[in-house]
Ligand code: PLP
């Protein structure tokens, strides 16, 4: 069954990459350090839900490049839009009509945003929302939630989940203590701890920042009432609410987590600022942030908070983003991803149970996380308290049978509009074999 275990070219390229690129990878989350080490797989081509590696093995992909590739790889509508943009010049350094078009699409889908600004990554988007919140409130501190990852800017690399947690460095080196002192971390889904933090530091807090649905210690829904409490408490203390929707926007439905049907009272959970990225760039680099007119008018050239970007709003990224959202406007696309994810999670749960492998699955529409444990996962502590070795074994068995997952127990599985029932069947066969080996 280990049809894909032979990867000599990946091994050789990894050794070469180590000579030239730090750690051999351009983002630490791509390293196999947390799943037993060795060479990550070097891919040479991707199409739809599939990858081909440099040894000509084919893989079914559930990484979706950590989220952005929701329409599958090389979707024809998106590649056409990129080619057209490239032919017309990739970067102008002037405004374009395309930027207005994508800004309008985002505003229509996410009503809390009166004004938008495009940047180049989720990290930049989040970093700037914090600056804007500080400029608006004239306060310095932020409150974040343990295990939420908000990119790699200084302020948010404290108790950061996802990649940093996978590698055992949730609090990065290189961040001045003076900056770390401006960040207060509380547990997700725990309004009492948030209240206690605000009782103590409230008058200094510029913003409470959260992934409204968590995507970085698995997929975790807020408990009923948690976001309502968060918004109410933040406002009581004069702090802004920032939603990091870099993963969640356009992930579960055509819109954001803040308007997702799974969360009830949309008005009571409306943020002041929202950070976006990933899907809205259709696979090219992008980020965006937006919020109420009053708050966004802090940003230069209207206001005193400076933020700029040579590449920001470039026609290639914006065109890819527009094309991606157009695909997502198609009839029934989210229902189909949900249907396939449900087939997959039900099959995974059943095979795991058959071989006595403890598994907790958190599914939210077309994405889910599978935690090797017996308990529910509703916060970072519970996500940490899962079996990393079992995950590593599962990851390896799946990879060797042609299933590409993120090499981290904290990352989600993402369905795309390109996955089919045949992909799910093949994945379930591979998973059954993996659990069988783990259980025996
Ligand atoms: N915010 C969240 C919720 C993320 O998941 C990520 C990346 O995974 C970021 C911010 C950072 O985005 P980027 O990697 O584009 O800088």
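The values are calculated or read from the model by the stated rules, or taken from the named source; none is laboratory data. The model shown is predicted, which means the values in this text are computed figures rather than measured ones. Positions of Cβ are generated from backbone atoms using ideal geometry, with glycine treated the same way; all protein chains shown enter the neighbour counts.
Of the residues making up the stretch 330-342, none is outside the structural domain of residue 149 (by TED's automatic domain parsing), within 22 Å of the chain's Cα centre (by Cα) and part of a strand (DSSP E or B).
For the stretch 82-97, a residue qualifies if it is within 18 Å of residue 46 (Cα to Cα) and touching a residue at least 40 places away in the same chain (Cβ under 8 Å), and exactly one does: 82.
Taking the options 418, 390, 406, name whichever one is touching a helix residue (DSSP H, G or I) at 6+ places or on another chain (Cβ under 9 Å) and either farther than 19 Å from residue 345 by Cβ or in contact (Cβ under 8 Å) with a residue 60 or more places away in the chain (or both).
Within the list 418, 390, 406, the selection yields 406.
Please specify each residue of the stretch 95-122 satisfying the condition of being farther than 15 Å from residue 274 by Cβ and within 16 Å of the ligand (Cβ to nearest atom). Matches in the stretch 95-122: 120, 121. Within the stretch 218-238, being closer than 22 Å to residue 123 by Cβ and assigned to a loop (DSSP other than H, G, I, E, B) holds for 218, 219. Restricting the first member to the stretch 339-356 and to residues that are more than 17 Å from residue 412 (Cβ to Cβ), and the second to residues that are modelled with pLDDT under 95, the beta-carbon pairs closer than 6 Å and six or more apart or on different chains are 355/439; 356/439. Per the listing 216, 189, the residue uniquely within 15 Å of the ligand (Cβ to nearest atom) and either more than 17 Å from residue 139 (Cβ to Cβ) or in the same structural domain as residue 255 (by TED's automatic domain parsing) (or both) is 216. State whether the residues of the stretch 279-296 include one that is free of Cβ contacts under 8 Å to residues at least 40 places away in the same chain, surrounded by 24 or more Cβ atoms within 10 Å (Cβ to Cβ) and in contact with a helix residue (DSSP H, G or I) (Cβ under 6 Å, 6 or more places away or on another chain). So far as the stretch 279-296 goes, no, none of its residues is free of Cβ contacts under 8 Å to residues at least 40 places away in the same chain, surrounded by 24 or more Cβ atoms within 10 Å (Cβ to Cβ) and in contact with a helix residue (DSSP H, G or I) (Cβ under 6 Å, 6 or more places away or on another chain).
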